[in-house]
Amino acid sequence: MEATVILPVLKKKLAFLSGGKDRRSGLILTIPLCTEQTSMEELSATLDYLLGIPSEKCKARGFTVIVDGRKSQWNVVKTVVLMLQNVIPAEVSLVCVVKPDEFWDKKVTHFCFWKEKDRLGFEVILVSANKLTRYIEPCQLTDEFGGSLMYDHMDWLNKRLVFEKFTKESTSLLDELSVINENEKACHELLSELQQRRFNGSEGGSAWSPMDDELLAQPQVMKLLDSLREEYTKYQEVCRQRSKRSQLEEIQTKVMQVVNWLEGPGTEQLRTQWGIGDSIRASQALQQKHEEIESQHSEWFAVYVELNQQIAALLSAGDEEDLLELKGLQQQLSDVCYRQASQLEFRQNVLQSAHDFHSTAQDLSQQLDGLLGMLCADVTPADGTAIQQTLKHLEEKLKSVEDALQGLREKGQILLEQMSNQTSWSYGKDLAIENKENVDHIHSVMEDMQLRKQRLTEDAADGLWPFRVRMPMRLCKLLKSVRGLSLQAVEWLGELLDALLKTHIRLGDDSQETKVLLEKHKKFLDVAQSTYDYGRQLLQATVVLCQSLRCTTRSSGDTLPRLNRVWKQFTVTSEERVHRLEMAGSFHGAAERILKDSPGQADPMVDLETFEELELLGKTLLDRLTVPVIFPDGSEQYFGSPGDMASSAESIRDRIKLVEEKKQQQQRQDEEEEEEEEEQLQEEALQSSSPES
């Protein structure tokens with residue numbers, strides 16, 4: 001269908017293709033309904049004509065139809081939407097019905113669209129004019145919808161008429177050229193036939209006499225053929241020049257389309273995208289928006305690659321007069337595309353740095369919240385291990401917060417440096433003013449995180465945290481220290497017990513030495529008693545600390561039972577040591593009283609019973625030295641080694657031996673005295689009996 005056929009209808013602008021594209025690169029078809037009654041036949045004819053213009057490749061991407069119903073009635077809008085199903089059923093992807101400010105009855109509109117949804121085969125949405133940009137970029141919308149795309153319907157229609165006229169005339173000319181080619185062939189055949197007849201007559205055959213008109217026909221045909229060849233050559237040259245110029249103009253047009261879009265809508269898209277967001281979610285939204293912008297640029301970059309290849313082919317086979325123009329176009333196209341690609345990459349890097357910055361800030365904020373919760377929570381350690389784990393966990397959190405804060409500073413500095421370099425492609429804008437908000441936000445985030453970290457970690461003398469947090473932590477440390485000292489007291493008492501059993505062996509060689517050893521043992525016992533009392537006091541302190549910390553486990557653990565067990569063992573051992581020293585003192589004292597005179601003389605006050613008691617005491621002491629100490633738990637332990645015990649018993653045995661010798665001397669002395677008494681009595685008896693005789 002030609003535009004001239006429906007020119008009056010096309011002038012009414014019932015529908016038009018503005019050249020805008022949706023986000024899928026599909027063409028945008030606009031149907032501006034007016035207050036007057038719209039003829040469906042004229043609208044259908046307009047749509048048929050418009051749909052015959054795009055290529056099949058463009059149609060395959062689908063159309064987004066904008067039905068402007070702001071000045072029309074709902075019934076008309078509904079009829080147009082249903083008509084699209086019959087006119088362009090397969091090509092419609094989305095129909096945006098622009099609703100008026102005073103909307104139609106919602107119940108009716110919603111009911112009708114839902115009712116026809118499955119049958120229509122495409123989605124229909126009702127949207128106000130100011131929200132149409134949710135579905136179509138502003139740079140792809142005309143000014144009546146708040147967009148920036150320029151469209152003049154009459155200018156388009158005039159160019160369309162010129163194009164169709166040129167196409168029609170070019171087709172007619174091609175047909176005439178085809179006829180000329182056929183005529184040229186006929187002329188060649190005629191000339192060949194005339195020459196052949198003349199040639200046959202000159203070979204001695206039957207005489208042939210050409211007619212006058214035949215003689216005149218040959219040079220006339222040849223002249224016409226030469227003229228045809230000359231004109232055809234000129235025409236070929238003109239066609240070649242026109243084809244070259246047409247191709248050059250086409251490339252130039254496409255180059256300017258790419259350049260104009262990149263420097264126009266493409267640059268405007270980047271100009272409006274200068275923020276970095278105030279959160280990780282906002283930065284992700286900006287990254288998604290940037291990916292959409294990159295997707296639109298990639299289509300134009302694909303055109304650039306194709307044009308660059310075409311220009312390279314023309315440069316390799318072009319004339320010198322076209323080289324400068326082609327190189328200029330190639331250079332202009334490359335400069336604009338590379339500059340725009342660099343700007344896209346730079347923007348992507350800024351957004352990635354912003355995402356990293358906000359991600360680190362979010363992680364740090366969560367760590368600070370966790371640290372705050374840990375510090376504000378009541379500290380209830382179960383035991384020493386739990387205290388150590390709590391303190392270690394706190395130190396790890398503080399270290400992690402410090403590392404995260406340092407990472408935030410580094411990422412913030414990188415982002416600030418990138419934004420300071422952004423002025424190199426500011427498009428004439430004062431980005432120092434535009435970026436001030438971003439710079440202030442970055443500094444604000446870093447300062448806020450620094451202040452929060454400082455509040456959590458500073459060691460203030462007063463305030464809520466030192467009392468509720470640091471004091472329990474210090475009490476935990478003190479509890480750990482006290483428990484360590486109580487364990488040390490148990491070890492000390494065990495060492496005293498070990499020393500008592502292994503080194504306190506001697507019983508003394510005389511009563512004086514035994515008395516000195518007994519005094520030393522009492523002092524040794526006082527030291528052990530002090531150690532035991534010290535351990536008990538420490539364990540009592542752990543009870544108080546655990547009550548303050550509200551520990552859920554046993555405050556002393558197994559330390560108190562260990563302390564009591566060692567103390568009982570020490571007490572039993574000490575009592576045994578005292579008994580042995582006392583027995584040794586009694587033995588040495590009695591032996592010294594018996595043996596205080598010279599060995600050859602006996603104490604007249606000592607009788608045989610005393611000797612026997614002393615010998616029994618000595619033997620009892622020797623027997624006791626061979627008996628182990630029996631602890632309350634039934635275990636046994638000897639004093640010293642067998643050699644040490646033998647050395648201690650040797651002095652006792654020596655004394656017993658001396659006592660036995662003394663006893664024997666005493667017995668001999670008693671026997672001698674008895675004999676002397678008997679002899680004296682006998683003499684006295686003899687003397688008394690002599691006078692009588």
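Taken per residue, the accessible surface of the stretch 637-693 reaches 74 Å², heavy atoms only and a 1.4 Å probe. Close amide H pairs (under 5 Å, H built 1.01 Å from N) link SER148 with CYS139, GLN140, LEU141, residues at least 5 positions away or on another chain.
Straight-line cross-link reach from LYS289 at under 25 Å between alpha-carbon atoms covers these lysines, not counting any fewer than eight positions away in the same chain: LYS21, LYS131, LYS411, LYS429, LYS436. Average accessible surface for the stretch 321-377: 45 Å² per residue, computed with a 1.4 Å probe over protein heavy atoms with every protein chain in place. Cβ-Cβ distance of ASN349 and ASP448, R₀ of 22 Å, FRET efficiency by 1/(1 + (r/R0)^6): the value works out to about 0.30.
Could you order the peptides 615-625, 355-365 from most to least packed, using the average number of other C-beta atoms within 10 Å per residue? Please report the intermediate quantities before stating the final value.
Numbers: 615-625: 16.2, 355-365: 19.8.
Ranking, from highest mean packing down: 355-365, 615-625.
For SER689 and GLU615 in one chain, what is 0.36 nm times their gap in residues minus the Cα-Cα distance, to one decimal in nm? Could you put the intermediate results ahead of the total?
Numbers: separation 74, 0.36 × 74 = 26.64 nm, distance 4.62 nm.
Full extension from SER689 to GLU615 adds 22.0 nm.
Computed extension length for LYS289-GLU410: 40.9 nm, one decimal, from 0.36 nm per residue of separation with the Cα-Cα distance subtracted. Taking a straight line from the alpha carbon of LYS662, these lysines sit under 29 Å away, with near neighbours fewer than eight places off in the same chain left out: LYS515, LYS596, LYS619. Note on GLU437 and ASP510: their simple-model spin labels are 10.8 nm apart, each label 7 Å out from Cα toward Cβ. A Förster radius of 41 Å, combined with the Cβ-Cβ distance separating LYS502 from GLN537, puts the computed FRET efficiency at roughly 0.90. Each peptide in 627-636, 11-20 gets a packing score, the mean of other Cβ atoms within 10 Å over its residues, and the list from highest to lowest is 11-20, 627-636.
Determine the gain in length on full extension of the stretch HIS153-VAL627; use 0.36 nm per residue of separation and subtract their C-alpha separation, reporting nm with one decimal.
That pair, HIS153 and VAL627, stretches by 158.0 nm at full extension.
Label-to-label distance, ALA341 versus ASP278, with points set 7 angstrom from Cα along the beta-carbon direction: 3.8 nm. The stretch 509-547 and the stretch 11-65 have their alpha-carbon centroids 108 Å apart.
Highest mean packing first, where packing is the average number of other Cβ atoms within 10 Å per residue, the peptides 155-164, 236-245, 63-72 line up as 63-72, 155-164, 236-245. Reported to the nearest whole Å, the Cα centre-to-centre distance from the stretch 632-681 to the stretch 123-146 is 127.
The values are calculated or read from the model by the stated rules, or taken from the named source; none is laboratory data. Fair warning: this is a prediction, and the values are worked out from it, not measured in the lab. Reconstructed Cβ throughout: ideal geometry from the backbone, glycine too, with neighbour counts over all protein chains shown. Heavy atoms of the whole protein, side chains included, go into the accessibility calculation; ligands, DNA and RNA do not. Shrake-Rupley method; radii C 1.70, N 1.55, O 1.52, S 1.80 Å.
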